[in-house]
Amino acid sequence: MPQITFATNNREFHKDISEAIKQYFKANGKSQRGNTSLFLKAFFMYAVVISIYLTLVFSNAWFGIQLPNLVSILMLCTMGTFMAFIGFNVMHDSCHGAFSNNSTINEIFGYSLNFLGADCYYWKVKHNVLHHTYTNIDGVDDDIFKPPFLRMSPNQPYNSMHKNQHKYMLFLYGISTLFWIFYMDFNKYFTNKVHTTELPKMSLKNHLIFWFTKIYFIAVWVITPIVFLGVSKFLIGFFLYNFVMGIVMSVVFQLAHIVQGVDFADAQNLGNIAKIEEDWAIFQMKTTFDFSPNSKFLTWALGGLNFQVEHHLFPKVSHVHYPAIRPIVKEICKNHNVPHNEFKSFWLAVKSHFAMMAQLGENPKLVSA
Ligand SMILES: [Zn+2]
């Protein structure tokens, strides 16, 4: 991985904003981590997923209840959506250490990702370190590296497939969780790398957790449904809920960074020792957007991922606090003449993501000609 440094000549914004948020929590006597309502939300989301799983898999074998196909389809779509919600609300906060004041609780709830079939050890490197530090920097931020099918940065090589990427990307988003569980995790495990970043030697504990996760996933989410429902019903159900989860997860994460108006940087072109001519916090503000900040439902369901500006500045602050700290962040941005980017609604952000992907799918030679 290239060595990347950020400019340090304009750190006043970062200092001011950090101080203001510290003061907010002090003045209100609040912890920066999650609260009781977050625990209740986590419990509710898990209850929805587990009860749908039990109903779909065992209702016929144990109680002789044959669910109508339409009901099964609706339940599978709901389960896929709530699995993504567990990812946003429980796993994401926990892996950042923001879910609870207790680090053991954060570690346990961080395994929510393992519950979904992927490994949280790799997520913490990919997301907490690479994505959060080097947001939208091509060559390091694994979130924007999806070759050869998707071109997610103007610095990436173009191929003729990309001109249609905005038309087929939803299908790729749909299969992304299956790709993650069955390919990407193993690729990281056997290469001991996340994208261009070499990992330290993995501990025995993490080796065991990795293999336990994969065996648990196959046993609970593949073999058990096959035994109770048969192969064809299993295949349809497995594909459907994963497809829904993949689309919900991918779209929500992409709306913050791959939209019109964001900045990109290219570590590979900058050389092995790259310098970003911007303070880290200001760079975050130029590469990140909020969306639909006034929607109570989205704020509840998406685990604060509609407040990505606040999240990128303060990843260790639980998402339950983002609506309250957002006006403070906006005020300080205004004072320092730093952009605070946002889309008023979810659909405006979705539209901008599709438009951005269409733009990135244009042949750069023709665009510059
Ligand atoms: Zn994050």
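Readers should treat all values here as calculations from the given coordinates under stated rules, not as data from a laboratory. If you're wondering where the values come from, they're calculated on a predicted model, not measured in any experiment. When we count neighbours, we look across all protein chains shown, and the Cβ atoms used for this are built from the backbone with ideal geometry, even at glycine.
In the chain, with Lys and Arg counted as +1 and Asp and Glu as -1 at Cβ, which of these residues, Asn128, Ser59, Ala265, has the Cα nearest the positive end of the dipole, that is, farthest along it?
Ser59
Could you calculate the contour length gain from Ile108 to Ala47, that is, 0.36 nm times the residue separation minus the distance between their Cα atoms, to one decimal place in nm?
Numbers: separation 61, 0.36 × 61 = 21.96 nm, distance 1.70 nm.
In short, 20.3 nm is gained.
Using a Förster distance of 45 angstrom, determine the FRET efficiency expected from the C-beta separation of Leu54 and Ala358, and round it to 0.05. Write out the running numbers ahead of the final one.
Values: r = 42 Å, r/R0 = 0.94.
After rounding to 0.05, the efficiency reads 0.60.
Give me a comma-separated list of calculated 3J(HN,Hα) values for region 57-72, in order, Karplus coefficients 6.51, -1.76, 1.60 applied at θ = phi - 60°, integers in Hz, x for any Gly or Pro.
Couplings: 7, 10, 4, 6, 5, 8, 10, x, 8, 9, 6, x, 4, 4, 5, 4 Hz.
Work out the length of the dipole vector of the chain about its Cα centre, built from +1 on the beta-carbon of each Lys and Arg and -1 on the beta-carbon of each Asp and Glu, and round it to the nearest 20 debye. Intermediate values should be presented prior to the final figure.
Numbers: 29 positive and 22 negative charges, 96 e Å.
Value, rounded to 20: 460 debye.
What net charge is computed for the residues neighbouring Ser292, neighbours being all others with C-beta under 14 Å from the C-beta of Ser292, Lys and Arg scored +1, Asp and Glu -1? Walk me through the numbers before you get to the answer.
Working: positive: Lys296, Arg326, Lys344, Lys351; negative: Asp290, Glu310, Glu342.
That sum, taken over residues with Cβ under 14 Å, equals +1.
Relative to the present Cα-Cα distance, how much length would full extension add between Ile236 and Lys344 at 0.36 nm per residue of separation? Before the final figure, lay out the partial values.
On the way: separation 108, 0.36 × 108 = 38.88 nm, distance 3.66 nm.
In short, 35.2 nm is gained.
Between Glu198 and Asn164, how high is the FRET efficiency from 1/(1 + (r/R0)^6) when r is the Cβ-Cβ distance and R₀ = 25 Å? Nearest 0.05. Can you show the working numbers first?
Details: r = 35 Å, r/R0 = 1.39.
Taking R0 as 25 Å, the efficiency between Glu198 and Asn164 is 0.10.
Between Asn128 and Phe179, how many nm apart are label points set 7 Å from Cα along the C-beta direction?
Reported label-point gap for Asn128 and Phe179 is 2.6 nm.
Say R0 is 22 Å: what FRET efficiency, to the nearest 0.05, do Ala20 and Asn101 get from their beta-carbon distance? Provide the component values of the computation, followed by the final result.
On the way: r = 22 Å, r/R0 = 0.98.
Working from the Cβ atoms, E equals 0.55.
log₁₀ I(q)/I(0) of the chain at q = 0.07, 0.10, 0.13, 0.14 Å⁻¹, via Debye over equal Cα point scatterers, no solvent, to two decimals?
Those come out to -0.32, -0.67, -1.14, -1.31, one per q.
State the extension gain, in nm to one decimal, for the chain segment bounded by Phe145 and Ile65, taking 0.36 nm per residue of separation less the distance between their alpha-carbons.
On the way: separation 80, 0.36 × 80 = 28.80 nm, distance 4.55 nm.
Difference between extended and current length: 24.2 nm.
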